[in-house]
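Down below is the structure, laid out as structure tokens.
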Amino acid sequence: MKPLRLLAIALMALSLFAQTRAQSTAHPRHKPVTHKSAPQSAAQVHQSAIVIDTHADTPQRMLDDHYDLTEPLDGGYLNFASAKEGNLGAEFFSIWVEPKLYEGHYARRTLELIDTVLRQASKHPDQMMMAYSPEDIERAHREHKLAALMGIEGGHSIEDSLGLLRDYYRLGVRYMTLTWSNSNDWADSSGDIDSPGVKHTEDGLTDFGKDVVYEMNRLGMMVDISHVSDKTFYRAVITSRAPVFASHSSARALTNAPRNMTDDMLRAVARSGGPESKGGVVMVNFYSGFISDDWRNAWNLQAAERQTAEAAQIAEWKAEGKTITYEMTDAMDKQWAAKIPRPPLSMLIDHIDHVAKVAGIDHVGLGSDFDGIPSSPQGIDSAADLPKITAALMARGYSAEDCRKILGENFLRFFREVQATAKELQAQAGERPRITDQQPFRKQ
Ligand SMILES: [Zn+2]
């Protein structure tokens, strides 16, 4: 152990001793003693929080590989045991439809993924319950069950239909990223914004795209700006009546990935929503490539070699008549990722800290991207390791109250506001404004 840490522990012990002495002598007997509660350990703080993670890609495993959350992790990041150990209270299961593989069948694949999550919940009612609201998350917490929620990743899932969007809400979907890495007919993605062959919108969202955002506001579906292009981001912030959020994005000032958010964007999320809004929240992504420039550069350097090798492998599987599943491609990516040293946990904490400082402590949370990423920081091997994040934050001086905000309270506040805004908009039935850029408020 480092001498500085020893000194810190000695000082802490001394001050604890002094506190106990002060408490036992300062209060005369007849006066009611108001004990200042003892400082909580990081483990206690983590255990006392409703821990919410807003992005896990586990449904791919469940559907294609019949993975059951009661099984051992077997290379994955999330199952019931790891969730319990990490005190994970709520998980948003990502409903992600690979746009090339499922071209022409987006709705079918979306519905199958939703079904797979709902079936897990009905198979294991003692360990997991579907949650559709902040109140449901709190109820699951009281009942010591994992609250399972769903978010669609990629607006292409609605196949340009507001009817499908509403159907997905009815089935329980509570957020949607306007795009995944692919632009769609009405919103642009950071993933292909510079690709010359791809058609893009003029100003970030088409009129139909603004309709989608409005309809999400009216339904109470959270507008998720992870993955979108910068222009689409700003257009969504201006268009949305409710605050917006990023379900799994990190800070671009620290790691220069186009999927990450600039400081200006972090502040815009914090200020999003109507004049009375408490603002949105940025849920930090754990992916090594989003939290470390070194890792990202190394990954990009092997891109050509990796893509050639993976394409050859896929061709071989296809020739053998095999169906290519997410598990198969994920395993290949993981092998390549394993060649690059994982960044330290402190780099993930740097991102959380940066968002907390730039956007504000009320506007940051966790969006792991578990089971959707080939590499995570050292020490974060599954949901069981979530308490390490709380410990690292407290070591940096974050209070118990701040940690509980980051772990889940910020997101719950945001979720509540989105649902309250929906109620207000539903009460204005018939007064639906035409979708133009002239929104009822402008905060920028
Ligand atoms: Zn994603």
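Considering helices alone, the calculated mean residue ellipticity of the chain at 222 nm is -13500 deg cm²/dmol, with DSSP H runs of length four and up weighted by -39500 (n - 2.57) and normalised per residue.
Taking only alpha carbon atoms, the chain gives an Rg to Rh ratio of 1.00, where Rh is the Kirkwood radius.
Once you order the gyration tensor axes a ≥ b ≥ c over the Cα atoms, which shape class does the range 78-145 get: rounded for a/c under 1.5, otherwise prolate or oblate by comparing a/b with b/c? Prolate.
For His144 and Asp185, the difference between the fully extended length at 0.36 nm per residue and the C-alpha to C-alpha distance is 10.5 nm.
If the limit is 29 Å between Cα atoms, which of Lys145/Lys388; Lys84/Lys334; Lys334/Lys405 go over it? Check vs 29 Å cut-off fails for Lys334/Lys405. Beta bridges assigned by DSSP with both partners in the chain are antiparallel in approximately 5 percent of cases.
Just checking the listed ones, Pro39, Pro343, Pro377: in the Gaussian network model of the chain with Cα springs under 10 Å, the one fluctuating most is Pro39.
Does the range 287-345 come out rounded, prolate or oblate, given a ≥ b ≥ c as the square roots of the eigenvalues of its C-alpha gyration tensor, rounded meaning a/c under 1.5 and, failing that, prolate meaning a/b above b/c? Because a/c hits 1.5 or more and a/b exceeds b/c, the range 287-345 counts as prolate.
Can you give me the Cα centroid spacing of the range 120-196 and the range 352-423 in angstrom? Cα centroid to Cα centroid, the span is 19 Å. For the range 171-183, putting each phi into the Karplus relation 6.51 cos²θ - 1.76 cosθ + 1.60 with θ = phi - 60° gives couplings of 7, x, 5, 10, 9, 8, 6, 4, 9, 9, 6, 10, 5 Hz, in residue order, rounded to whole numbers and with x for Gly and Pro. Sorting the segments 120-133, 220-233, 359-372 by their residues' average number of neighbouring beta-carbon atoms within 10 angstrom, most packed first, yields 220-233, 359-372, 120-133. For Met130, the amide hydrogen comes within under 5 Å of the amide hydrogens of Ala148, counting only partners 5 or more places away or on other chains and with H modelled in the peptide plane. Considering only Asn87, Ile373, Tyr132, the residue lying farthest towards the positive end of the dipole of the chain is Asn87, judged by Cα position with unit charges set on Cβ. Extension gain, Leu101-Arg166: 0.36 nm per intervening residue step, less the Cα-Cα distance, totals 20.9 nm. In order along the range 216-224, the phi-based Karplus estimate (6.51 cos²θ - 1.76 cosθ + 1.60, θ = phi - 60°) of 3J(HN,Hα) comes to 4, 4, 5, 6, x, 9, 5, 7, 9 Hz; Gly and Pro are listed as x.
Counting only protein heavy atoms and a 1.4 Å probe, the range 258-385 has 41 square angstrom of accessible area per residue. Cross-link partners for Lys199 among the aspartates and glutamates, with Cα-Cα distance under 18 Å and sequence neighbours closer than 8 places in the same chain left out: Glu103, Glu159, Asp160, Asp185, Asp188, Asp207, Asp230.
What is the range 332-432 by shape, rounded, prolate or oblate, if you read a ≥ b ≥ c off the alpha carbon gyration tensor as root eigenvalues and call it rounded for a/c under 1.5, prolate for a/b larger than b/c, and oblate otherwise? It comes out oblate by the Cα gyration axes.
The amide H of Val228, built 1.01 Å from its N in the peptide plane, has Thr179, Ser190 as neighbours under 5 Å, considering only residues 5 or more places off or on other chains. Only the Cβ atoms of Lys and Arg (+1) and of Asp and Glu (-1) were treated as charged; on that basis the dipole of the range 64-133 about its Cα centre amounts to roughly 240 debye. Proximity of backbone amide H atoms, modeled 1.01 Å from N, is registered between Asn79 and Ala383 at under 5 Å, excluding neighbours fewer than 5 places apart on the same chain. Between Asp333 and Lys199, the distance separating the two model label sites (each 7 Å from Cα on the Cα→Cβ line) works out to 2.8 nm. Rounded to the nearest 20 debye, the dipole magnitude of the chain is 2080 debye, with +1 charges on Lys and Arg beta carbons, -1 on Asp and Glu beta carbons, and the Cα centre as origin. Summarising the strand pairing of the range 135-285, around 15 percent of its internal DSSP beta bridges are antiparallel.
The values are calculated or read from the model by the stated rules, or taken from the named source; none is laboratory data. Here the structure is a predicted model, which is why all the values come from computation and not from measurement. Cβ sites come from the backbone with ideal geometry, for glycine too, and all protein chains shown count toward neighbours. Note: areas computed on protein heavy atoms with side chains; ligands, DNA, RNA excluded. Shrake-Rupley method; radii C 1.70, N 1.55, O 1.52, S 1.80 Å.
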